[in-house]
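All remarks here apply to the structure that follows.
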Amino acid sequence: MSLGEKVAACFSVEGITEIYPGSVPITDLSEIFGTPGHILAIRGDEACADELGELRHWASPKMWLYQKQIEEVREHLRLFQKHKLFDGVGFSGLEAVAFHAHRIGREAVVVMPREMVVDSDFFKRYGVEVIYADAPAEQGYVEKQKEILHQRGSELVLLDQAKWGAHATAPIGNNVVRQLEEKGIIPHFTFWCIASGSNLYGIGAKIKQRFPSAETVVVEPERYRTIDPGLDLSSPSKVRAFAEEKIDSYILVGWDKREPKKYAPPLHFSHPNLYLLHLWKHTGNLGFDETVGVPMDEALRVQQYLKEKNPAFHWTETTALALVSAIEKAGEGMNVMVMVYGKHRERQMNYKD
């Protein structure tokens, strides 16, 4: 089986029928924004919230993902009592790994982009070893994971959220579909941001499977688009060529010289996730219908407006990014869905060498 075939199998969720048994709240924001169409927000900021207790502010969709992933490796954990959990993560992934590892009494090792600054002493309390990449952004993140697996793979349990995330979140998608059916609401559009793609290809794919007429849209910061806005998404040959070119050039040169303005994506500045590129190269299909670039100023205005209307809805910039396009469609009477990626929290970033 080729690499592309293996990756495609990991992202295939059509046959997953399991429905997540826990709470997956969905909030309608149409009254807040005064739209005739529904704006249904999948509350990732409430994922595993009851279990989190005083760490409730850590809630994000990654909590659902790693809850499932650790279930999937439980037999390995039983056989190898001293092995540590391992993955590459961003901020929310770090917190999810820390929480679930601590819950089952395991230590963890994580690789993070060199630009992300965390309180290392704090995470030591949760048995997490944080290793930073050497090269910038997505390039360094991938290279450092390969290095650690080569050096220490025999003592680690690879969770590999970028590869198995869609499988982990598909049951959440089935839960969402069931709620939509109960409410009698048919979505016209769903809007997603994309990093590892776990929410898009897990939850989003299950919504698309049940409601095939719904348009699936990926939203990116206008200044840092990783998918060529001129790419013909309907052309398998052009999609494959795009993916192949990105795979062959997965090195960032001089990007540090572009000073981020107000907000920049924490990991993917130039290239989509490497697994996604191999998926697209194999299938010639991105798995969504459209890409949109949104100015961050617009997203930040939406974020501030929501905070003023309801402080409980002070969500991440990523969430606000998707909401900009969702609000526009809901204003036209369409029913739309977005993912809430977590509470807004100030994060320390270092874009310099």
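Some notes on this structure:
- With a Förster radius of 56 Å applied to the C-beta separation of GLN179 and ASP232, the computed FRET efficiency comes to 0.95.
- Zone residues, segment 333-353, relative to GLU215, backbone N less than 16 Å from point 7 Å out along Cα-to-Cβ: 333-338
- Take the Cα of MET349, step 7 Å toward its Cβ, do the same at LEU55, and the gap between the two points is 2.5 nm.
- Ranked LEU300, LEU29, criterion: other C-beta atoms within 10 Å, fewest first: LEU300, LEU29
- Set LYS163/LYS309; LYS82/LYS146; LYS144/LYS208 screened for pairs whose C-alpha atoms are more than 26 Å apart: LYS163/LYS309; LYS144/LYS208
- Exposure proxy order (Cβ contacts within 10 Å, fewest to most) of PHE86, PHE123: PHE123, PHE86
- With θ taken as phi - 60° and the Karplus curve 6.51 cos²θ - 1.76 cosθ + 1.60 applied, the whole-hertz 3J(HN,Hα) list for segment 110-125 is 10, 9, 10, x, 5, 7, 8, 10, 10, 7, 5, 4, 4, 6, 4, 5 Hz, x standing for glycine and proline.
- Here segment 39-179 yields Rg over Rh of 0.97, to two decimals, using C-alpha coordinates and the Kirkwood radius.
- Hull volume in cubic angstrom per residue (convex hull over the Cα atoms of segment 135-239): 140
- Two-decimal ratio, segment 129-185, of alpha-carbon radius of gyration to 2.2 N^0.38 Å: 1.74
- Placing R0 at 22 angstrom, the Cβ-Cβ distance between ILE32 and GLU332 gives a FRET efficiency of 0.80 after rounding to 0.05.
- Segment 101-117 and segment 156-226 have Cα centres spaced 25 Å apart.
- All C-alpha to C-alpha distances of the chain, sorted into 20 Å bins beginning at zero, yield P(r) values of 30, 62, 7 percent in whole numbers.
- Computed packing ranks the peptides 61-69, 170-178, 155-163 as 61-69, 170-178, 155-163, most packed first, by mean other Cβ atoms within 10 Å.
- For segment 190-250, a Kirkwood radius taken over Cα pairs fed into Stokes-Einstein (20 °C, viscosity 1.002 mPa s) yields D = 164 µm²/s.
- Ranked list, fewest to most other Cβ atoms within 10 Å of each Cβ, for GLU143, GLU181: GLU181, GLU143
- Shape summary: segment 1-116 maps onto an equivalent ellipsoid whose semi-axes, from the alpha-carbon gyration tensor, are 29, 20, 16 Å in decreasing order.
Read the figures in this text as sums done on the coordinates, not as results from a lab. Since the model is a prediction, treat every value here as computed from it, not as a measurement. No Cβ is skipped: glycine too gets one built from the backbone with ideal geometry, and neighbour counts run over all protein chains shown.
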